[in-house]
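To keep things clear, I will list the structure first and then write my remarks on it.
Read-outs throughout are calculated quantities, based only on the coordinates presented, and are distinct from any laboratory measurement. Given the structure is predicted, the values throughout are model-derived calculations rather than measurements. For neighbour counting, all protein chains shown are included, and Cβ atoms are generated from backbone atoms with ideal geometry for every residue, glycine included.
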Amino acid sequence: MNAPAPAAPPPPAAPPPANEPRARFGDLVAAEWIKTRSLRSTPWLLGLLVVFVIGAATFTALDNKGDYPGIAPSAQRLRDAFTPLGFMTLILVSGSVGALSVAGEYGSGLIRTTTVAVPARGSVMLAKAVVQAVLWTAAGLLVSAGSFVSVQVIMNGADVAGALGEPGAPRALAAATLVAPVCALAGLGIGALLRHVATTVVVTTSALLLLPPFLAEDRRWSADLRHALIQPSWERLVDTWPDGGGPFLRPTVPGSWAVYVLWPPAAVAVAVLTVRRRDV
Amino acid sequence: MADVIEVDELTKKYGDKTAVDRLSFTVRPGQVTGFLGPNGAGKTTTLRLILGLERPTGGTARVGGVPFASHPRGLRHVGALLDAQQVHGGRSAAAHLWALARGNGLPRRRVGEVLDEVGLARAAGRRIGGFSLGMKQRLGIAAALLGDPPVLLFDEPVNGMDAEGVRWTRRLLRRLAAEGRTVFLSSHLMGELENTADRLVVIGQGRLLAAESVREFAARAGGRTVVVGTPQAAELTRVLVAEGAAVEPEGSAGAERLAVTGLAADRIGALALRHGLQVNELTTRAASLEAAFMDMTADSAEYRTPGGPGAAERPSPGGRPDPGRAPGRRDEAEPTRKGKDA
């Protein structure tokens, strides 16, 4: 005001108005949680999913119980608890919901309202990732524990504690729980990259479920590609049968954990970087 | 001046199409500034650039001296309604607003306050998907008001509103400006801004055509139209056009009227008398702001039918297109009028 400024100086950092509290990341997480919770489809979808996955394990156990005169081996009980029917459904739903948490907002245009309210776009994506991760870890734990308990009741005389002490059981339970948040975050990254609802759901479903069967395990390159995907890694981690040998290349347990560990941060990084770079 | 919107040499290109072309203007607090331009003129793109939703190809847009996107949270700085449809239909109005408020650390009572303010209190718990467009516009205005911001941007807020809604919006915008806020309001219809705006920023094809007060803008509308009621519209049209006037039919069957520009009322009366044509009405009508706007943007309207309303209502002789004409000037029309008035 007191000195004339012939050349425009670089814009200073935005001075916060006197009444503005510090921007807190927790507020964004709370906002994203309100968005998730306030959709009527959310409780319905989760409720149906829990019933379906645990139901699938229960029916599989009832069906297989007669094949074993005594108590079925631990590996069989784990296979029945974490049945592909139930858990491929979990993978499909968690991946799609994660994808829609971003792509849906682009589809409706709400993302523009969100971005005007919160110009820090990367933080919005991180907040979405936190909500999806927590929501799906909880849902994954619920369905995995429920399936595990149900199968032990049916096939193991309800000795749940004993079953948990069996080799490989904690690993399988953890892998079954965590597959849901891993898929949700993978979907979130794909959603942020593609932004178009239908395309996002097709690509997410393909990457999670349709692609693995196309990648045979009898050639190195194709097996490597397959083993970098989430569903085959889940399959390996819940499988506690001893390796029967044969011509097929099997994923390793550490390699499968590595897939669980690497996909989420890679997907979230893609989401944060793309929304920062692109126009909304 | 913390609340000024400053647009400086702003440019946005999509491939080889220039949507906003070296646009510079300033929007000040305490006034309603109308942002006027035909469809496709670049109004929405400009608003999106101001809000940091898009990156400019060149130039800058600042709000309160800084790019808006430099604020980590926006609602306390700028409230904006870009497109009322940009909501999730599955949420209730209250949940939609609460999520926005919560992310900005605003208290929950603000949700009730803004819903009261826009008259949606009784619809708070209803799903947005069931709202009419007018209700969605009100919801969008409510969202813009959440953070009690000093700067407000509205992109065609009265689209889909009924007459009561339009009047309510106009009063609200006037009040917000009277409270000392910066109110920037886009429209493609002059009529919407005529009674609301204090100043106008007019653009066409991404370029600035005018930035001035409504009064100054109205002064451009110098051309006068004479309305002639006659049962012999075709014959009179032929006579008037032969004298160099531009004639547009108006009215309805059985009550045909002609809107004549380029000839004064006394001349028209004299011509009618000489040719023995009956005249029932002869009224001089001051050109409206709408006419000034049409005239100014006639050459820059992006979508236009040749000879259609956009081209024909322009008060230039014969209504023929003359693309080389500079916007806002009527140098071709001038000699005709002078000749006849003399």
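Quick check on the range B:108-123. Is at least one of its residues over 27 Å from residue B:161 (Cβ atoms) and more than 9 Å from chain A (Cβ to nearest Cβ)? Yes, the conditions are met somewhere in the range B:108-123.
When the range A:236-280 is filtered for residues that are in a helix (DSSP H, G or I), of a type in the set (Val, Ile, Thr) and either within 14 Å of chain B (Cβ to nearest Cβ) or within 12 Å of residue A:192 (Cα to Cα) (or both), the ones remaining, listed by number, are A:268, A:270, A:272, A:274, A:275. Selection of the range A:112-123 for residues being part of a helix (DSSP H, G or I), in contact (Cβ under 8 Å) with a residue 12 or more places away in the chain and facing another protein chain (nearest Cβ under 8 Å) yields A:112, A:115, A:123. Candidates B:170, B:127, B:175: the one that is within 12 Å of another protein chain (Cβ to nearest Cβ) and of a type in the set (D, E, K, R) is B:127. Restricting the range B:83-102 to residues that are assigned to a helix (DSSP H, G or I) and facing another protein chain (nearest Cβ under 7 Å) leaves a set whose member that is nearest to residue B:185 (Cα to Cα) is B:100. I'm trying to understand the selection: among the residues of the range B:1-43, which are within 20 Å of the chain's Cα centre (by Cα), polar (S, T, N, Q) and surrounded by fewer than 18 Cβ atoms within 10 Å (Cβ to Cβ)? The answer is B:24, B:26, B:39.
Residues in the range B:12-51 that are in a helix (DSSP H, G or I) and not hydroxyl-bearing (Ser, Thr, Tyr): B:43, B:47, B:48, B:49, B:50.
Of the residues A:161, A:172, A:216, the single one that is small (Gly, Ala, Ser) and in a loop (DSSP other than H, G, I, E, B) is A:216. Considering (1) at the interface with chain A (Cβ under 10 Å from one of its Cβ atoms); (2) at negative phi; (3) in contact with an Asp or Glu (Cβ under 7 Å, 6 or more places away or on another chain), the lone condition that residue B:105 does not fulfil carries the number (2).
Filtered by the rule that a residue be surrounded by fewer than 23 Cβ atoms within 10 Å (Cβ to Cβ) and either in contact with a strand residue (DSSP E or B) (Cβ under 6 Å, 6 or more places away or on another chain) or more than 29 Å from residue B:131 (Cα to Cα) (or both), the range B:65-81 gives B:65, B:66, B:67, B:69, B:70, B:72. Among the residues of the range A:124-149, those identified as over 30 Å from residue B:74 (Cβ atoms), buried (at least 21 other Cβ atoms within 10 Å of the Cβ) and touching a residue at least 60 places away in the same chain (Cβ under 8 Å) are A:139, A:143, A:144, A:147, A:148.
Residues in the range A:35-55 that are under 17 Å from residue B:127 (Cα atoms) and part of a helix (DSSP H, G or I): 7 in all. In the set (1) farther than 22 Å from residue A:32 by Cβ; (2) free of Cβ contacts under 8 Å to residues at least 60 places away in the same chain; (3) in a loop (DSSP other than H, G, I, E, B); (4) more than 7 Å from every other protein chain (Cβ to nearest Cβ), the condition left unmet by residue B:9 is number (3).
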